[in-house]
Amino acid sequence: MLAIFFDLDDTLYDHLVPFQEAVREVLSPDENSLDFAELFYKVRHHSDVLWPVYLRGEIPLEETRVRRLELAFAEYGLQIDRDQATAIQAAYIGRQYTIQMIDGVREHLERFIADGHKVGIITNGPKDHQMSKIRGLGLDQMIPEDMIFISDAVGLAKPDPEIFVHVNQKTGTSANNSLYIGDTWANDVVGALAAGWKVCWYNPRGRQPATDHKPSYIFTNYKEFGELPLV
């Protein structure tokens with residue numbers, strides 16, 4: 001039997017939906033000239049860059065969240081002020097607890113669990129915030145608490161391979177029998193491969209690999225995922 005762990009954000013639910021709704025609420029942008037997916041990709045990038053700075057205690061969490069929006073919008077070519085960035089962040093957070101799993105996710109989780117595989121989650125973020133999303137999705141009813149690993153609670157964060165080592169140690173699993181499913185190249189693919197895990201890269205928007213790392217599998221939707229020879 002395998003140990004099968006999933007990323008949370010943009011792997012089990014679509015992060016873009018609450019972000020898109022938040023930007024619409026605060027800015028009412030011209031959507032003919034705005035690519036929400038590309039803008040959100042930049043937000044995720046700046047979030048990943050700022051996260052280690054937050055973990056070192058150099059900036060507070062709320063500043064991290066607002067600053068990533070300012071940087072992403074500026075890189076995209078849209079100028080927003082601090083009040084607008086703060087308002088977008090508040091609207092975005094508020095929508096993240098009324099989310100739904102991506103089509104097909106629940107069926108695969110149920111299949112893996114029924115087949116006796118160890119199924120869990122490894123996610124970066126604040127514990128309370130990530131657990132609120134996990135409860136909002138109903139994942140806490142499917143996955144036991146001791147199979148959910150959140151970076152701020154663990155004290156390690158992806159892409160550090162040590163978080164995957166920690167998960168193996170805590171769950172009594174081995175790297176060569178562990179599979180990680182995630183959407184972010186640096187955090188999910190590179191981090192898990194460095195720990196000796198197999199990796200299944202979820203790439204719904206056709207991003208290009210950022211390094212020479214080779215994921216074990218690639219899929220663009222959960223119908224394709226179901227056809228992969230994972231087990």
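What residue, of Gly104, Gly116, Gly77, is free of Cβ contacts under 8 Å to residues at least 60 places away in the same chain, at positive phi and open to solvent by 20 Å² or more (accessible area, probe 1.4 Å)? Before the answer, list the steps.
On the way: Gly104 fails: free of Cβ contacts under 8 Å to residues at least 60 places away in the same chain; Gly116 fails: free of Cβ contacts under 8 Å to residues at least 60 places away in the same chain.
The conditions single out Gly77.
Table: residues versus (1) in contact (Cβ under 8 Å) with a residue 60 or more places away in the chain; (2) of a type in the set (Gly, Ala, Ser); (3) assigned to a loop (DSSP other than H, G, I, E, B); (4) in the same structural domain as Met147 (by the TED database).
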{"site": "Ala22", "(1), (2), (3), (4)": "yes, yes, no, no"}
{"site": "Ser33", "(1), (2), (3), (4)": "no, yes, yes, no"}
{"site": "Glu38", "(1), (2), (3), (4)": "no, no, no, no"}
{"site": "His45", "(1), (2), (3), (4)": "no, no, no, no"}
{"site": "Leu50", "(1), (2), (3), (4)": "no, no, no, no"}
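Just to be sure, is Asp146 open to solvent by 30 Å² or more (accessible area, probe 1.4 Å) and modelled with pLDDT under 95? First the steps, then the outcome.
Numbers: open to solvent by 30 Å² or more (accessible area, probe 1.4 Å): yes; modelled with pLDDT under 95: no.
So Asp146 does not fit the description; no.
Please indicate, with yes or no, whether at least one residue in the stretch 55-66 is among the aliphatic types (A, V, I, L, M), open to solvent by less than 30 Å² (accessible area, probe 1.4 Å), modelled with pLDDT of 95 or more and not in a helix (DSSP H, G or I).
Let us first name the residues in the stretch 55-66 that are among the aliphatic types (A, V, I, L, M), namely 55, 59, 61, 66.
Cutting the leftovers down to open to solvent by less than 30 Å² (accessible area, probe 1.4 Å) gives us 66.
Filter again for modelled with pLDDT of 95 or more, leaving 66.
Those left that are additionally not in a helix (DSSP H, G or I): none.
Looking for residues that are among the aliphatic types (A, V, I, L, M), open to solvent by less than 30 Å² (accessible area, probe 1.4 Å), modelled with pLDDT of 95 or more and not in a helix (DSSP H, G or I), one finds none in the stretch 55-66, hence no.
If I ask for residues that are surrounded by fewer than 20 Cβ atoms within 10 Å (Cβ to Cβ) and of a type in the set (D, E, K, R), which ones from the stretch 169-197 would you list?
Lys170
Anything in the stretch 86-137 that is among the charged types (D, E, K, R) and within 22 Å of Tyr222 (Cα to Cα)? List them, or say none.
We begin by selecting, within the stretch 86-137, every residue among the charged types (D, E, K, R); these are 95, 103, 106-107, 110-111, 115, 118, 127-128, 133, 135.
Of everything in the stretch 86-137, those that are among the charged types (D, E, K, R) and within 22 Å of Tyr222 (Cα to Cα) turn out to be Asp103, Arg106, Glu107, Glu110, Arg111, Asp115, Lys118, Lys133, Arg135.
Name the one entry in Ala90, Ala72 that is assigned to a helix (DSSP H, G or I), open to solvent by 60 Å² or more (accessible area, probe 1.4 Å), not β-branched (Val, Ile, Thr) and not assigned by the TED database to the domain that holds Asp146. Quick ask: steps written out before the conclusion?
Working: Ala72 fails: open to solvent by 60 Å² or more (accessible area, probe 1.4 Å).
None of the others qualify; the one that does is Ala90.
Kindly provide the set of residues from the stretch 204-230 that are open to solvent by 80 Å² or more (accessible area, probe 1.4 Å), touching a residue at least 60 places away in the same chain (Cβ under 8 Å) and either in contact with a strand residue (DSSP E or B) (Cβ under 8 Å, 6 or more places away or on another chain) or not in a loop (DSSP other than H, G, I, E, B) (or both), ordered by number. Break it down stepwise before answering.
The initial filter retains those residues of the stretch 204-230 that are open to solvent by 80 Å² or more (accessible area, probe 1.4 Å), namely 205, 208, 210, 212, 214, 218, 223, 227, 229.
If we keep only those that are touching a residue at least 60 places away in the same chain (Cβ under 8 Å) too, we end up with 205, 223.
Answer for the stretch 204-230, where residues must be open to solvent by 80 Å² or more (accessible area, probe 1.4 Å), touching a residue at least 60 places away in the same chain (Cβ under 8 Å) and either in contact with a strand residue (DSSP E or B) (Cβ under 8 Å, 6 or more places away or on another chain) or not in a loop (DSSP other than H, G, I, E, B) (or both): just Lys223.
Tyr97 versus (1) open to solvent by 70 Å² or more (accessible area, probe 1.4 Å); (2) out of contact with any Ser or Thr (no Cβ under 9 Å at 6 or more places or on another chain): which is the lone unmet condition?
(2)
The values are calculated or read from the model by the stated rules, or taken from the named source; none is laboratory data. What you see is a predicted model; the values in this text were computed from it and never measured. In this analysis, Cβ positions are derived from the backbone assuming ideal geometry, glycine residues included, and neighbour counts consider all displayed protein chains. Keep in mind that these areas ignore ligands, DNA and RNA; they rest on the heavy atoms of the full protein, side chains included. Shrake-Rupley method; radii C 1.70, N 1.55, O 1.52, S 1.80 Å.
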